[in-house]
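Just dropping this structure here.
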Amino acid sequence: MGAGRPRRPVERDVQNRGVTMRIGILTVSDKGARGEREDRSGPAIREIMEAAGAEVVRTRIVPDESELIRTALVEWSGEGLDLILTTGGTGFGPRDRTPEATREVIEREAPGFGEAMRHAGMQKTPTAMLSRAVAGIRGATIIVNLPGSERSVRESLEAIKDVLPHAIEVLKGEAGDCGDHRRKG
């Protein structure tokens, strides 16, 4: 480490770092887009993220159509949103195309988010391994795919929400070293 005192890890509470996240919530559901099913996962995301200090600036429900998913992701990232959370279309269903549409627009992958969500979900149910959710970066926007069920959305966000403010700071070049953020306890 060189001369001088050894560096000690800086412990910080990453849950409330003073970062106001501007987010968009994109619900991907054929039935939801047709008005045949109430969207419960989108409102759950709003509730959790607003409680974490985020400002929800965009919401939309689209059918499981890759073009419409890509359009929303490109449009919202172009508006400078910090974070876009999608819900739905991440499973094995024949129309589930959210991960493919997301991969087509991201510039860099961020696989740790999906890994963390699947790991947390598998603590409750082995079917969580069926999630094909991906995450990545487009410009200065982080895009994360979440499952479509309200319960799974809550479990997935619980696994990643504390890291999101720091991830946004790093992406914007406003953060110190990632290694300085240790869990308290």
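Does Thr87 satisfy the criteria of being touching a Leu at 6+ places or on another chain (Cβ under 6 Å) and open to solvent by less than 70 Å² (accessible area, probe 1.4 Å)? Outline the logic, then answer.
Details: touching a Leu at 6+ places or on another chain (Cβ under 6 Å): yes; open to solvent by less than 70 Å² (accessible area, probe 1.4 Å): yes.
The answer is yes for Thr87.
Every residue in region 20-38 that is in a loop (DSSP other than H, G, I, E, B) and surrounded by 20 or more Cβ atoms within 10 Å (Cβ to Cβ), please.
Start the filter on region 20-38 by keeping residues that are in a loop (DSSP other than H, G, I, E, B), which leaves 20-21, 29, 34-38.
Within region 20-38, Met21, Ser29 meet the criteria.
Also, I was wondering about something else. Let me spell it out: the conditions are (1) within 18 Å of Asp39 (Cβ to Cβ); (2) surrounded by fewer than 19 Cβ atoms within 10 Å (Cβ to Cβ), and Glu109 meets all of them except one. Which number is the exception?
The number of the failed condition is (1).
The values are calculated or read from the model by the stated rules, or taken from the named source; none is laboratory data. Computed from a prediction, not measured in an experiment: that's the story for all the values here. No Cβ is skipped: glycine too gets one built from the backbone with ideal geometry, and neighbour counts run over all protein chains shown. These area figures cover heavy atoms from the full protein model, side chains too; ligands, DNA and RNA do not enter into them. Shrake-Rupley method; radii C 1.70, N 1.55, O 1.52, S 1.80 Å.
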